[in-house]
Structure formats: C-alpha cells, structure tokens
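Below is one structure; the comments refer to it alone.
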Amino acid sequence: MIVRPVQVSDLPALMTLVQQAGPGFTTLPANEDRLAHRVRWAQRAFAEQVERADADYLFVLEDDEQRVIGVSALAGAVGLREPWYNYRVGLTVSSAPDLGIQRQIPTLFLNNELTGQSELCSLFLRHDQRHGSNGRLLSLGRLLFVAEFPHLFGEKMIAELRGSADEQGCSPFWDSLGRHFFQMDFSHADHLSGLGNKAFIAELMPRQPLYTCLLTEQAQAVIGQAHPNTEPALKILQSEGFAHKGYIDIFDGGPVIEAPIRSIRTVRDSLELTLSIGTPDDQAPLWLIHNRRLENCRITVAPGRRVGSSLVIDRLTAKRLQLQPGNSVRAVPLPNQQQQAVAA
Amino acid sequence: MLVLRPVEPNDLPQLQQLARDSLVGVTSLPDDSERLSEKIAASCASFDSDVAAQGPENYFFVLEDLDTRRLVGCSEILATAGFNEPFYSLRNRHFTSASRELNIEHGVPALSLCHDLSGHTLLRGFHIDAALVRTPFSELLSRARLLFIAAHAPRFAEAVITEIVGYSDEQGHSPFWDALGKHFFDLPYVEAERLCGLQSRTFLAELMPQYPIYVPMLPQAAQDCIGRIHPDGQEAFDILEREGFETNSYIDLFDAGPTLYARTANIRSIALSQTAKVQEEPLIDARGRYLVSNDALHGFRAVVAELDFQPGQPLALDPALCAALNVRAGGTIRVIAL
C-alpha cells in the first residue's frame, strides 16, 4: 500500500472511485473533464511548475496490485486566486449593568482571514478498504509530505469538515442563512461550489456580521459541528494537533480545523533516518515513511525498528518506496489508533 | 366645551392618570410623576422660550373639559428629533445579492439601525380618553398641533414625522420584539417600553443590534409585524394619513410600528388653514364644523366649533368661544375645516 502522486493513467480508476463517493464529495466531482484537468494540474504541481497559489497536490492510495483505492489532496494555498471566505464565530455583548442586562450573542463575521494558508482536502477511501492503517496512511501521508517540503506550504494547515446535514442532504445552517440569499437548496449550491463557483456564491452573501440568535435553533445547534461521517477524519487530525479555532464554512456551518504546520505532530516528530534493510521484530511499531522525493514521492506504512539514525525495514517496503539501503527517509511513528479517515 | 391648551404644572395628577391609561408603546407618557413633572417643566419652558429657530423644545398639550376641569387627552410636539440625544429608527431597505457569473440577482430586505430621521419635528405622546376615540375631539387633539406649527413655523423643521405604535397582542406580547429586541435585552416588550419611558430611549437603542437584520431570517410572525399598526394606534394613523402623511421605509426599533412622514408645508392643516379677524357676536347660521385656534404661543388654545366662515371675511365668534380661545374682537384666529 503506497501513497503517491496521481498520474494521467489513473483517470479511469479515479473516476470510478469518485462516483462511489457520491455528490457530497464536491471538491472532486464525477466529471471527466474536470477530473482530467485537476490531474494534469497536480502533475505540474509535483513537477514544481506552478506557483504555490495554484499548487494542487493530488495523491492516490494504491495497493500492491496497483489498484487505486483512495485519494487525498493538499492545496498549496487557498484564497490567492479567488477570495476564500469563512465565518468566524465572534461575540457581541449587549450590556447595561444598571438594568441587569448582560447578553452575549455569538456573531458570525465574514472574513478572508485564512487566505494564503494551505489546505487538506478531497480525501476519500473506498468503503471496502476502510481497515488497518489505510485511513491514516492516506490522511497523514500528506502531512509527512508537508514535513519534507515545508517551503511549498503556508504557515498553517487547515481542513474544512463537512457540516451537519440530514439524510436528504439538507443543511439546517444553509436553510436558515444561505438560502435567503440564493434561493436555491443546499445540494445545488454545494454542486455549484464544487464546480469552482464557490467565491461567486460567497459574494452573494451579506458582508455584515450576522447575529446567531436570529438563526433557527437547528441552525444554531450545528454551528461548528462536523457531519458524523467526518468524525473519524476529525479524530485523526485532532490527534495531530488540529483544533477548531472558530472558523466555519459559510454554507453548512461545518468547522474549519487548523494547526500551525510546525506544530503538527507528524511534522514536528518526523525524523530524517537512513534506510536499512533487515527484519524488524514482530513487535516493531508501525512507521509512516516517506522517500523524500517530490515528483516520485512514495509514502507507506510499515513496521520499522530504529537503530540510532537508521530505520530497519523489510525489503518489500523498500521496494514500495523505490529506495535502496543507505538512502535517506523521513519517518514518524504512526499513532496507535484505529480511526479510519474516510472523508475530509 | 373641550379646549386644547399647553400643559400647566398643576395638571400633573390628572396627567398621570392619562399616562396610566395610555398605550404601552406611547413611551413619551411614562406613568411616573417625577418624569412627568420634568416633562411639564420642560414644556412650560419651551412655550415661554423666545427661540428664533428649532431646538430641543417639547410642546406638551392637554385637552381639557372646561365644564368639569377634567383632562381627557394629551399630545406633544418635539421640535427636533435627535437634538439632545440620537433618534434611532430601523430603516427597511433591500440588500441586493448579485452575481454576474451565476446570473443571479435578487434583493433581500434588511433592517438597519439609523439616525436618518434626526432633525425632523416629531409628533408624539398622543392619548385620548376612550370615550372620545373617533370623535372630532381626537381630530382636535392631533391636528391642533399642526395649527400650532402653522402659527409658529420657524420653531419647527421642514418635515414632520410620527411613530405609530406597532402591533402587540392583548397580553402585551410583540412578536417583533420577541424575535429581535428580546435577544439583546432579555426583557419582555412591556418592560422594555416602560424602561424607555423612564430612562432614555436612546440608552436602550444603543443596546440594539448595530448590524443589519435580514428580514427573511426573522420568524414569520415577526415579519408580519413590520409596519403593522396596533389596533389602538389606528386612529392616530388615520388622522395624519388624511393630513397627507405617508409611511416610508422607517419603522420603530422595538415594535416595528410604521413611521409617518410629511413635508411640513404640504400638511393639509398647515397648507390649507386660514387666518381671520374675530368679530365678537352671536352666531347666526353655522355652515360647517371647524378646528379653530388662536395663533398665540403659551396662550395657545384650540377648539372644535360650528362656524359661518367665509374666506377673507371677519369671523363671528360667540362670547363663549372667544373666552375659550382667549381672543377678543380684532384678534387673529386660524381656521381649518374638520
């Protein structure tokens, strides 16, 4: 099992995968032209032919039979080509001590404050592959890539988690807010957003702050709440140091979680080690290992034994990484948890 | 006979009874003797003042039954809204959402706190005894203010406004207040209006939302209150609407009652009222019902009378009317058909 950059030859497999993900997966719509365009851009990004503003690092998870079973991505920067909007959940205080009045009213402030930060996005793992360390490899592999190439990214890494919605895909937050300004249902807006119209839609929203007390109770209740389907992804990122600092999605109210790149566990704790081939013991811990290459990037999870500045792994793992003994790797122990990232 | 005159210090006890009976939303009439005596004193000073231009004056009138010495109504003119403290309203305007790329454009009404009505003359504090509702005397109580403005135009602005009490139910619940103001105060509507009367209304307004409120985000019951009149405020509205006042995009920030607006010079009782010289003699043949006022300042009086009025001719008034209006033969009075 490896994570590697997407290639044009992956397109048919990718299309099948994206179709399985369904319409809620708006950043990778099941549209061949758009998908092909994105794959070509990703290849240029891995070849360092694009500016950070346009960099879209699209990875696939491939099993040993060369089947694509998952996808995940990293955006070099958000908001540098078109505005990136969030609400920040702030506070308005209405106070008149003489009258015993002291009201705290959470208030949504439209902002572009995350402009220039890097984003984790477009993660999907095939349903029948959600076991073992697959989810962690697909999600955290990206972070090890960031650890190796920090100059390609911003100061912070963010991830927008899908907000709460009912089984029909209706979002109470949207129904109480966005709908009034667009007169379209959430799935339609979400679809337009996936087609790259998100900034246009955002520009229809009111610029003035909004008092949450004027939203429906259902909408207030889902502010900053992730969709239950994203809980596993959320847990993985939380254990990496990601936290919700008050930014939410302007459409569905889902949380934006963030972490300064230098303090992300995988980035902070990763080590440059020399690859050595051998037999790790049966109890050897799992390591997330990167071959330190950009265009020919390979990342995998395997048992490893650290000896001084060397990491002892088996021959097959070295082969997966396309490395020889004596090559340098970047590696970090894989957190010992069973969460499966399935969508983020 | 019922006569409208400026309030006097010894009117306080009766005035307080009127205040007690008045509609909750008439916040310029607090049921509080201290506040009322301040208002009386301020009014006396206003009538006595020798001003050449509009300022902070507040002219407070009462309607008195000369036979019983009972006060049966009151009304006020604030020369300048927002003179001493900001005058707040909610402006109801469309916020336009437009995207050329998506070919979408539509407007969303939004309420914004504003001071746009500052500087206008404000009619307020209208309250009449329930027995006199929809009689010529409520016309007198409301419109005599306009005759006063006609007689003393330099003391007033070029536009006159009034806020009509908005809808609340019989239990005193205002759906608009419950949807908006309550979030910022955590007080029932009645209590908020009471505080407005006692404390400064501005003080409370400053606790209100400073950012626009998008109307579709309010519950339907609250949306339905926008511009809706309290049943007991309907007459005050109707009288001024007949005078040429119109509603506009401004509403009250507590109960969403409508604001009425008119250019002073276009108000019917101001544009069409005429002055005449008094002839003190018995009335022979009344031809119509009129509102009649003298053009005095602190001696201002106004009554409803049956008259034989011919434009440009001296007007015959019987001695009782002359006494009520405090005029003599040769004096000037102002007349407008009821």
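Only the coordinates and a few stated rules stand behind these numbers; no lab work does. Because the structure is predicted, anything quoted here is derived from the model rather than measured. Here Cβ is always computed from backbone atoms with ideal geometry, including for glycine, and neighbour counts include all displayed protein chains.
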Per-residue HN-Hα couplings for region B:104-111, Karplus 6.51 cos²θ - 1.76 cosθ + 1.60 at θ = phi - 60°, whole Hz, x for Gly and Pro?
10, 8, 7, x, 10, x, 9, 9
For the protein assembly as shown, what is the charge dipole size about the Cα centre, in debye to the nearest 20, if Lys and Arg each add +1 at the Cβ and Asp and Glu each add -1 at the Cβ?
2760
Would you mind checking A:Lys156/A:Lys235; B:Lys39/B:Lys277; A:Lys198/A:Lys245 for any pair whose Cα atoms are more than 28 angstrom apart?
B:Lys39/B:Lys277
Are there DSSP H segments in chain A that both extend 20 Å or more along their axis (alpha-carbon positions) and score a mean Kyte-Doolittle hydropathy of at least -1.0? List them, or say none.
A:134-148
Student exercise, region B:1-96 dipole from Lys, Arg, Asp, Glu Cβ charges, in Debye to nearest 20
460
Within region B:242-276, list the residues whose amide N lies under 20 Å from a label point set 7 Å along Cα→Cβ of B:Arg134.
B:242-243
Would you mind giving the average projected area, over all directions, of the Cα convex hull of region A:6-148 in nm² with one decimal?
12.4
Surface/4 of the Cα convex hull for region B:273-337, nm²:
3.6
Can you pull the Kirkwood radius for the protein assembly as shown, inverse mean 1/r over Cα pairs, to one decimal in Å?
30.3
Per 10 Å bin from zero, what fraction in whole % of the C-alpha pairs of chain A is there, up to the bin with the longest pair?
6, 25, 32, 21, 10, 4, 1, 0
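Averaged over B:174-184, how many beta carbons belonging to a partner chain fall within 10 Å of each residue's beta carbon?
Counting Cβ atoms of other protein chains within 10 Å of each residue's Cβ and averaging gives 2.
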What list of ³J(HN,Hα) couplings, whole Hz, do you get for region B:213-222 from phi and the Karplus terms 6.51, -1.76, 1.60, once you set θ to phi - 60° and write x for glycine and proline?
10, 7, 4, x, 7, 7, x, 4, 4, 6
Return the average number of partner chain Cβ atoms within 10 angstrom of each residue Cβ along peptide A:201-207.
5
Alpha carbon Rg of region B:130-205, scaled by the compact-globule rule 2.2 N^0.38 Å
1.48
Positive-pole candidate from B:Thr247, A:Leu271, A:Phe145, dipole of the protein assembly as shown, charges at beta carbon:
A:Leu271
Which one of A:His180, A:Gly70, A:Ser118 has its Cα pushed farthest toward the positive end of the charge dipole of the protein assembly as shown, where Lys and Arg give +1 and Asp and Glu give -1 at the Cβ?
A:Gly70
Within 10 Å of each Cβ in B:102-108, the average number of Cβ atoms from other chains
4
Hydrodynamic radius (Kirkwood) for chain B, which is based on Cα pairs only, to one decimal in Å
21.0
Using a simple charge model, +1 on the beta-carbon of Lys and Arg, -1 on the beta-carbon of Asp and Glu, nothing else, what dipole does region B:273-337 show about its Cα centre, in debye to the nearest 20?
220
For region B:273-337, with the dipole built from +1 on Lys and Arg beta-carbon atoms and -1 on Asp and Glu ones, taken about the Cα centre, which of B:Ala320, B:Gln310, B:Leu291 lies farthest toward the positive end?
B:Leu291
